[in-house]
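Structure record follows, encoded as structure tokens.
The values are calculated or read from the model by the stated rules, or taken from the named source; none is laboratory data. Keep in mind it's a predicted model, so treat the numbers as computed, not measured. Using ideal geometry, Cβ is built from the backbone for each residue, glycine included, and neighbour counts are taken over all protein chains shown.
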Amino acid sequence: MSGYILERERKVEIVASCDVLVAGGGIAGIAAAIAAARGGKKVTLIEREYALGGMATLGLVTIYLPLCDGQGNQVIFGLGEELLRLSIEHGAEANYPKAWLEGGSSEDRARERFITQFNPHMFALRVEKLLLELGVTILYGTLACDVAKEGDTITAVITQNKSGRSAIGVRSVIDCTGDADICALAGAATALHEGGNGLASWYYYYAGGKVSLKMFGLADIAPGQAPPPGSVPEGDPYAAVKVGSLDKMRFTGVDGPELSRAVTAAHGKMYEDILRFRESDESYVPVTISTIPLVRMSRRLAGAYTLDDAGDGKRMEDSIGMTGDWRKRGPVYEIPFGTLYSREIRNLLAAGRDISVTDPMWDITRVIPPCAVTGEAAGTAASLGDDFAKLDVRALQDRLTSNNVKLHVT
Ligand SMILES: Cc1cc2nc3c(=O)[nH]c(=O)nc-3n(C[C@H](O)[C@H](O)[C@H](O)COP(=O)(O)OP(=O)(O)OC[C@H]3O[C@@H](n4cnc5c(N)ncnc54)[C@H](O)[C@@H]3O)c2cc1C
């Protein structure tokens, strides 16, 4: 069969309503929901999987990258730091940041970055408990698949889950889907990452009496690119499989059949990898494998302002927080509120991987700590209003500062 079919017209029941709907329960969505709930709003978080954390937990990307600039100065505070502490509340898997959590000297802090490795399952359970305590309604197994609009305002998000299709009435929406799904559905301007994504498929394995993380497809090295500095681990017996693209295949992250091909190709490579190590060590078995696609950069909001990596150290008057560059020591970027809101849709914000940045900057803002920074800012903004182009940015900054966020380099 080919051609097309017309879907039947149907009434979609408005089953609930909330002040702030957060779409996507990754790090950005968790931070957004916490901030909006603490700001006194009725928050619903919808997540297509059945656990929180997105790539950081279900994707097993368990390295909480640095909160510091690599020169001994902490640049990410607020929820970025709170979530790091929560992620290792019951112990770090590796790299406990002693110099930062136990009053190290400035020399220690210049040497050791404020980074840690957490257990993904403990973290997912712990943040779920926190969100429930804050009164956030979590709807798992629920895909945001359309929006209803009046003019430039989203009035409801249409969802699909085991109950079928239903609508949730909203005052504002924070898109934390990682792929700017809501932005695209609502007709906000969006952009795709030009380079696409290489395959990755992280997994935990047991061998020789211990469980370890295999960063399979650690670095995305596009054709013609040199490996990023530090991406080749020294003296590691598994280095050869930790580094580089697993295959020549590149994928956009926003095409259904292509995503399935990417995941099955990555699974195939992972299976080969496991068998290869089992040849010399039959105790080698996978313990858990990533259960969502590992996508670095796919689709984002093309918002009111687009931040570029040339802005290192530049003062942004509407800054909502800062980030360092996980790849190198030194650079610090102030992230403007303009990267979070759309020119076209008045009550929509983006956070995490979805914010408005150029392709080179995207590689910096897509990782866990800046996703928490932009999630916190979006949730806080949504607790102050729902017409984001007209929001009182000074009031937002005051609220963020009172929650311990640092906005400017100096
Ligand atoms: C191979 C790889 C290695 C990485 N390594 C690191 C690392 O070592 N350290 C680090 O800090 N970062 C790392 N990152 C980046 C980082 O993990 C993620 O970019 C970050 O966690 C993204 O958070 P997020 O909340 O923006 O998005 P995501 O984690 O992608 O969360 C989005 C959530 O939204 C849900 N969702 C999507 N669409 C819908 C929809 N339509 N309706 C409902 N729910 C939806 C998803 O299920 C998901 O839970 C890595 C990424 C990759 C791909």
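Remarks
- Scanning the range 191-212 for residues that are hydrophobic (A, V, I, L, M, F, W, C) and within 19 Å of the chain's Cα centre (by Cα) yields A191, L192, L199, A200, W202.
- Hits in the range 335-379 (condition: among the hydrophobic types (A, V, I, L, M, F, W, C), near the ligand (Cβ under 10 Å from one of its atoms), outside any strand (DSSP E or B) and touching a Phe, Trp or Tyr at 6+ places or on another chain (Cβ under 8 Å)): V367, I368
- Residue list for the range 64-97, filter: part of a loop (DSSP other than H, G, I, E, B), surrounded by 17 or more Cβ atoms within 10 Å (Cβ to Cβ) and at positive phi: G70, G72
- Residue satisfying all of: in the range 291-334; out of contact with any Leu (no Cβ under 7 Å at 6 or more places or on another chain) and basic (K, R); farthest from R109 (Cα to Cα) among these: R300
- Test: residue in the range 2-18 that is of a type in the set (A, V, I, L, M) and buried (at least 24 other Cβ atoms within 10 Å of the Cβ): no
- Close Cβ contacts (under 8 Å, 6 or more residues apart or on different chains) running from residues in the range 37-57 that are over 13 Å from L384 (Cα atoms) to residues that are surrounded by fewer than 24 Cβ atoms within 10 Å (Cβ to Cβ) and of a type in the set (D, E, K, R) comprise V43/D19; A51/E128; L52/E128.
- For the range 98-162, no strands (runs of 3 or more DSSP E) sit wholly inside it while including 2 or more residues that are basic (K, R), modelled with pLDDT under 95 and away from the ligand (no atom under 13 Å from the Cβ).
- Looking only at the range 301-327, and only at residues there that are within 15 Å of the ligand (Cβ to nearest atom) and within 17 Å of N73 (Cα to Cα), the one that is surrounded by the fewest Cβ atoms within 10 Å (Cβ to Cβ): R327
- Being farther than 18 Å from G208 by Cβ and part of a helix (DSSP H, G or I) is a description that applies to Y271.
- Looking across the range 278-335 at every residue that is polar (S, T, N, Q), out of contact with any strand residue (DSSP E or B) (no Cβ under 6 Å at 6 or more places or on another chain) and modelled with pLDDT of 95 or more, the one that is nearest to G379 (Cα to Cα) is identified as T306.
- Within the range 171-187, the set of residues being of a type outside the set (D, E) and either surrounded by fewer than 24 Cβ atoms within 10 Å (Cβ to Cβ) or part of a loop (DSSP other than H, G, I, E, B) (or both) comprises R171, C176, T177, G178, A180, A184, L185, G187.
- Look at (1) β-branched (V, I, T); (2) outside any helix (DSSP H, G or I); (3) surrounded by 16 or more Cβ atoms within 10 Å (Cβ to Cβ) and you find that I30 fails only one, number (2).
- Single residue of the range 188-210 satisfying the filter (among the aliphatic types (A, V, I, L, M) and at pLDDT below 95) that is surrounded by the fewest Cβ atoms within 10 Å (Cβ to Cβ): A207
- Qualifying residue in the range 243-264 (condition: assigned to a helix (DSSP H, G or I), closer than 18 Å to Y203 by Cα and either of a type in the set (D, E, K, R) or at pLDDT below 90 (or both)): no
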